[in-house]
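K.L.:
I'd like to ask some things about the structure below.
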Amino acid sequence: MTQPTIESILHEDRMFPPPEEFSAQAELKSLEEYRRLYQEAAANPEKFWADLADKELQWFQKWDKVLDWQPPFAKWFVGGKINISYNCLDRHLTTWRKNKAAIIWQGEPGDSRTLTYAQLHREVCQMANVIKQLGVKKGDVVGIYMPMIPEAAVAMLACARIGAPHTVIFGGFSAEALKDRLKDAEAKLVITADGGWRKDAIVPLKEQVDKALGDNAVPSVDNVLVVKRTGNKIHMEPGRDHWWQDLQANAKADCPAEPMDSEDMLFILYTSGTTGKPKGVVHTTGGYNLYTHVTTKWAFDLKDTDVYWCTADIGWITGHSYIVYGPLSNGATTVMYEGAPRSSNPGCMWDVVEKYGVTIFYTAPTAIRAFIKMGEHLPKARDLSSLRLLGTVGEPINPEAWMWYYRVIGSSKCPIVDTWWQTETGGFMITPLPGAIPTKPGSATLPFPGIIADVVDLEGNPVGDNEGGYLVIKHPWPSMMRTVYGDPDRFRRTYWEHIPPQDGKYLYFAGDGARRDKDGYFWVMGRVDDVINVSGHRLGTMEIESALVSHPAVAEAAVVGKPDDLRGEAIVAFVTLEDSYRASEQLEKELMQHVVGEIGALARPAEIRFSEDLPKTRSGKIMRRLLRNLAAGQEIAGDTSTLQDRGVLDKLRGGA
Ligand code: 7RM
């Protein structure tokens, strides 16, 4: 079951209205209500967001101006003072939520922990004080390289509390990738753990940090704060490394939240793009807090009685917006799980649902496809009756996977919210509001109120119903990325000039292809650029190519995605070797391992094909389109007249 094609979903006309009982208790109860709200927001987005900012968040000082839009640079709630850690913690302490579970954590070897809002607040304050003690000041960047343990969320909230932007680096990234990101962000402090559990094994996170910082490779880093998690033996560098538990013992449990400017940087999160190194996506404080708050509340129909579980890792935007900030800002109970399904425990996800009575479950199509493969008997053997809403994110979902999710996990009674958004957008852009919008399997349905989305051609002209085009956003929104860290020019070029602005009108180019059906529903088809989506993780083909070429044996490399049943796409690398090297299975393994070392296991090629040459245009550009056809085992489609040497294709086909 590979990613849906336009042919397969053009014929998808199943429609699932929200269950009546669900709508009755939802904040938005009908399509008419949604449309009314949508129109109202579209007519005056600034007023719409300002009213919500007033109602939903606590400000130390109100803003002077809702939106300052100097395309493509936006400022929201200009002059306002706010702290997201305050909105996620302190304001709940004066209500009954003080002793409500904020985080329920299920650790991998079987341990677990629940932190109430009061306890979480205390621990965040302690860490904030420790971070300050280690010399971190407002504006200093802190790197977070952590397993899925509560201290990961504590670290983020502690940084936010004192105004130190965090940059979370996914624990699956290699030392090399970690180093690049810490360097680019000029991090002062790294927060990590002695290790984390990953499918029955310990991931040596601290060892990776040591490697990344070795030879003073990141001179900005003065200190490393290490959380004891697994108890495995690690090296502690005197003067640089500190145990969190030691410093916590003497840390004060009170630390006032710093009043931040709305536009102060909250975090940098690196994400893959078409060219060059991953870019640091910059998000700021006020608009991000508002948008993640409101989208969590409406798209998940969040109630105080919910036990909400998002299965993402904190290292991705989904973990930032929808494990930590959105849910906690709403005073919700958010579940964190360190484990993952694996052959030794294939039903573990359903055990977590049953154990905690999870009511809202949010995961990725790649996980759903894995659940399907592991078999219905696993969820069927558990009591999943607590579930009332399901969500999906990360890539287009195949209608058949959607149907399985609906029937087997949701017992044909839970609405499914298919949420389309990106690291860059900060929060959901196109998503059902589950009490109001009928769903269609495979469609993210309609834009969130306040979001003006469209499908256009390369000139920016809207295309007709069911015609493919580029997905764009036509008006700024509060949680939009503000810039690429240290490279505003790249921000402008990548997102705002791909489709040339007309009469000063800038369109945000998402990099996705989409179509809109006669009901106005959006069907996202996937990336139109050289970004591949492996198990819901974004990887730039350029990054993987650069990793390959950095190996002495490799002369040239071209990387493409090929359809894959489980992962959506799998990485196929075409490689030409330096003269003194010969292709071998041994070398193939070595190159795969090399990519893992440069980027991380998530970038390991599924296949490496050695070739004497790569198909190129006369001007020397590698024709990836042809390689994609070859990798997928398809006939070469489209025009090959620009190909420099047609013999190359025959050779590649023969050799494949
Ligand atoms: C949240 C996240 C973003 C890219 C995006 C799309 C794809 C995400 C959906 C989807 C179809 C969805 N951030 N994508 N959600 N495609 N339907 N519901 O995934 O920055 O890592 O990736 O993911 O291609 O551009 S991300």
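K.L.:
Looking at PRO434, PRO441, can you tell me which residue is more than 24 Å from VAL531 (Cα to Cα), surrounded by 22 or more Cβ atoms within 10 Å (Cβ to Cβ) and out of contact with any Cys (no Cβ under 9 Å at 6 or more places or on another chain)?
P.N.:
PRO441
K.L.:
Right, something else. Among the residues of the stretch 72-118, how many are in contact with an Asp or Glu (Cβ under 8 Å, 6 or more places away or on another chain), within 28 Å of ASP487 (Cα to Cα) and small (Gly, Ala, Ser)?
P.N.:
The total comes to 3.
K.L.:
Please work out which residue is surrounded by the fewest Cβ atoms within 10 Å (Cβ to Cβ), limiting yourself to the stretch 520-560 and to residues that are within 11 Å of the ligand (Cβ to nearest atom) and among the aromatic types (Phe, Trp, Tyr).
P.N.:
Only one residue tops the list, namely PHE522.
K.L.:
Can PRO563 be described as surrounded by fewer than 20 Cβ atoms within 10 Å (Cβ to Cβ) and assigned to a strand (DSSP E or B)?
P.N.:
In short, yes.
K.L.:
Can you tell me which of VAL335, VAL417, VAL358 is out of contact with any Pro (no Cβ under 8 Å at 6 or more places or on another chain), in contact (Cβ under 8 Å) with a residue 40 or more places away in the chain and outside any loop (DSSP other than H, G, I, E, B)?
P.N.:
Going through VAL335, VAL417, VAL358 in turn, just one is out of contact with any Pro (no Cβ under 8 Å at 6 or more places or on another chain), in contact (Cβ under 8 Å) with a residue 40 or more places away in the chain and outside any loop (DSSP other than H, G, I, E, B): VAL335.
K.L.:
Also: Here is a list: CYS348, CYS310. Which entry is surrounded by 20 or more Cβ atoms within 10 Å (Cβ to Cβ), at pLDDT 95 or above and within 15 Å of MET148 (Cβ to Cβ)? Show your work before the answer.
P.N.:
Numbers: CYS348 fails: surrounded by 20 or more Cβ atoms within 10 Å (Cβ to Cβ).
One residue alone meets the criteria, CYS310.
K.L.:
Filter the stretch 73-109 down to the residues that are charged (D, E, K, R) and out of contact with any helix residue (DSSP H, G or I) (no Cβ under 8 Å at 6 or more places or on another chain), then identify the one that is nearest to LYS355 (Cα to Cα).
P.N.:
Only one residue fits best here, namely GLU108.
K.L.:
I'd like the full set of residues that are away from the ligand (no atom under 16 Å from the Cβ) and modelled with pLDDT under 95, limited to the stretch 357-370.
P.N.:
Of everything in the stretch 357-370, just one residue is away from the ligand (no atom under 16 Å from the Cβ) and modelled with pLDDT under 95, namely ALA370.
K.L.:
Residue by residue through the stretch 534-550, note down the ones that are within 18 Å of GLY597 (Cβ to Cβ) and outside any helix (DSSP H, G or I).
P.N.:
Residues satisfying the conditions are VAL534, HIS537, LEU539, GLY540, SER550.
K.L.:
Still on this structure: I'd like the full set of residues that are among the hydroxyl-bearing types (Ser, Thr, Tyr) and either in contact with a Leu (Cβ under 7 Å, 6 or more places away or on another chain) or farther than 20 Å from GLY468 by Cα (or both), limited to the stretch 488-536.
P.N.:
THR494, TYR506, TYR521, SER535
K.L.:
Mind counting the residues in the stretch 298-329 that are in contact with a Gly (Cβ under 8 Å, 6 or more places away or on another chain), closer than 20 Å to GLY536 by Cα and part of a loop (DSSP other than H, G, I, E, B)?
P.N.:
Qualifying residue count for the region: 3.
K.L.:
Just one of the numbered conditions (1) without any contact (Cβ under 8 Å) to a residue 60 or more places away in the chain; (2) of a type in the set (A, V, I, L, M, F, W, C); (3) buried (at least 22 other Cβ atoms within 10 Å of the Cβ) is not true of ALA299; which one?
P.N.:
Answer for ALA299: the failing condition is (1).
K.L.:
Let me ask you something else. So ALA201 passes all but one of these: (1) touching a strand residue (DSSP E or B) at 6+ places or on another chain (Cβ under 6 Å); (2) among the aliphatic types (A, V, I, L, M); (3) at pLDDT below 95. Which condition number does it fail?
P.N.:
(1)
K.L.:
Counting just the residues of the stretch 52-102 that are of a type in the set (Lys, Arg) and outside any loop (DSSP other than H, G, I, E, B), which one comes out nearest to PRO449 (Cα to Cα)?
P.N.:
LYS55
The values are calculated or read from the model by the stated rules, or taken from the named source; none is laboratory data. In this text, all values refer to a predicted model and were calculated from it rather than measured experimentally. Heads up, the Cβs are rebuilt from the backbone with ideal geometry, glycines too, and the neighbour counts pull from every protein chain shown.
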